[in-house]
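The values are calculated or read from the model by the stated rules, or taken from the named source; none is laboratory data. Here the structure is a predicted model, which means the values were calculated and not measured. Here Cβ is always computed from backbone atoms with ideal geometry, including for glycine, and neighbour counts include all displayed protein chains. Note: areas computed on protein heavy atoms with side chains; ligands, DNA, RNA excluded. Shrake-Rupley method; radii C 1.70, N 1.55, O 1.52, S 1.80 Å.
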Amino acid sequence: MSKTIQLADRVENLGVETAFLVAGKAATHAAAGNEVYPFHLGDMNLPTPPNIIEAAYKAMRDGKNGYTPNAGIPQLREALAAEFNTTRKTNYNIDNVAVQPGGKPVISKFLLALMNPGDEVLYPNPGFPIYESQIRFHGGMAVSYPIIPGEKNFSFDLNAIEEAITDRTKLLIVNDWHNPTSAECSAEDRKKIAEIAVKYDLTVLLDEAYFDVRYDGESVSLIREPGMMERSVILHTFSKKYAMTGWRVGAALGPKSIVDVIAKLNVNDESCTSHSNQYAACEALQGDQAGARKILTLLQERRDLTVEMLNSIEGINCYKPNATFYLYPDVTEAMKNAGYTGYQPFLDAVLKHTGVSMCARTHFGTPLLDEKRKYLRLAYSGIDKEMIDKGLTRLKTFLER
Ligand code: PLP
């Protein structure tokens, strides 16, 4: 007997994290016996610091294996509030923190808590593809604003944000230290974004997944601007700073009224984040930071090598960003010289002939109408220096042949 399964209409609107699709193709290429140079996914091939691993073992041995309070263990919520009060100058307490299984769930829970069907939500394009997917999946209107090339790096098009606002705009998503371009807000940008949020009474999701992945200077959060603490939820994750992508620990921090709803969503979804991993996250925040420093040093070395090698390829132009582990080079001329107009045939040919696996601009939203230049996105978090060198040498040979 066969039955036709009728899926819910909303499934039509569910997107994917496109980098995982590229990873699938790379895996197939590798399974056929080819060497693959993985620049596609923001995953990490660096070890989680040993003191964090030991804290998880200890928690398990000590019997921390049951459910926890839905918003997380008090020790971790307190440690997070204290960390944010130091690094962001907030005045959070435990009530402002809901622990999450990773940073990503904060996106859907923020929308579920605040967005009614038909509400307009502003989000960056190019941008992390889950924003658009989740806004549309939950019945909102996804309205993008551009991230544009500037003199030293990409930047937020603040005029476009204001122009896109209508009387149905309710929420704004800002990803400072931006995936995929590594754009970051200047002091002036932060002031202007906060003014816009206050003027139009928007509630804001600050995706700060890369706050701590910074090589020079100091990360300053938008939360410090007047009016932002009472209208913003911060997406925090342990994934990147401590190489803990698979541990799934993160948090939502913001006004109690929103955090309470997010904790109620925890009850309905996962019940709680892994008990022992929450103890490991406490160690990450309060224990020895040598491991985190080492991760950052290695990432910086990879960044320097990748940028240098990309810029040595004819027709490629790459900024050297101060934060995140992504590069977003302009490859317009290189693609033209190699005889490609479309991204997919280009990526397929590069994978086939060189083993280099990367994402393109199109994996981060639909290109804007007036967008003429072509871009790739390379993550250097999951590939060591030797492989970067080998892969990009092969790419250079292929493109300059
Ligand atoms: N936000 C951005 C911009 C990201 O790039 C990522 C991961 O790549 C996340 C959120 C989610 O990270 P995680 O769920 O691993 O904490």
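Of the peptides 45-56, 241-252, the order by per-residue mean of other Cβ atoms within 10 Å, starting with the highest, comes out as 241-252, 45-56.
Across the protein chains, with a 1.4 Å probe defining accessible surface, the residues THR297, THR366 rank THR366, THR297 from largest area downward. Each of the peptides 232-240, 373-381, 333-341, 387-395 was scored by the mean count of other Cβ atoms within 10 Å over its residues; in descending order, highest first, they stand as 232-240, 373-381, 387-395, 333-341.
Suppose R0 equals 51 Å; then what is the FRET efficiency for ALA160 and LYS3 from their Cβ-Cβ distance, rounded to the nearest 0.05? It would help to have the intermediate numbers written out before the result.
Values: r = 48 Å, r/R0 = 0.93.
That gives a FRET efficiency of 0.60.
The stretch between THR341 and LEU112, if pulled fully straight at 0.36 nm per residue, gains 78.5 nm over its current Cα-Cα span.
The Rg/Rh ratio for the range 57-103, using Cα coordinates for both the radius of gyration and the Kirkwood hydrodynamic radius, is 1.05. Here the simple spin-label model places points 7 Å from the Cα toward Cβ, and for ASP269 and HIS353 these points are separated by 4.3 nm.
For LYS264, the accessible surface of its heavy atoms amounts to roughly 140 Å² (probe 1.4 Å, protein chains only, rounded to the nearest 10). Give the separation of the Cα centroids, the range 1-75 to the range 231-283, in Å. With the range 1-75 and the range 231-283 each reduced to a Cα centre, they are spaced 15 Å. With contacts taken as Cα pairs under 8 Å and at least 6 residues apart, the chain reaches a relative contact order of 25 percent. Segment ILE53..LYS89, full-extension length gain: 10.0 nm, with 0.36 nm per residue of separation and the alpha-carbon distance subtracted. Each of LYS390 and GLU333 was given a label point 7 Å from its Cα along the Cα-to-Cβ line. The distance between the two points is 3.0 nm.
Measuring spread by the Cα atoms of the range 173-314 yields a radius of gyration and Dmax of 17.4, 54 Å.
Using a 1.4 Å probe on the protein heavy atoms, what percent of the accessible area of the chain belongs to carbon and sulfur? C and S atoms contribute 51 percent here.
Assuming 0.36 nm per residue, please report the length gained on full extension of the stretch GLU308 to LYS191 beyond their Cα-Cα distance.
Gain on extension, GLU308 to LYS191, equals 38.8 nm.
Separation of the range 288-348 from the range 95-122 is 31 Å, based on Cα centroids. Taking the range 151-175 and a reference point 7 angstrom along Cα→Cβ of GLU371, the backbone N atoms nearer than 20 Å belong to 151-165, 172-175. With each label modelled as a point 7 angstrom along the Cα→C-beta vector, the GLU35-LYS152 pair spans 3.7 nm. The calculated FRET efficiency for ARG10 paired with ASN65, based on their beta-carbon distance and R0 = 41 Å, is about 0.70. Each principal axis of the Cα atoms in the chain has its own extent, and those three values, largest first, are 65, 60, 54 angstrom.
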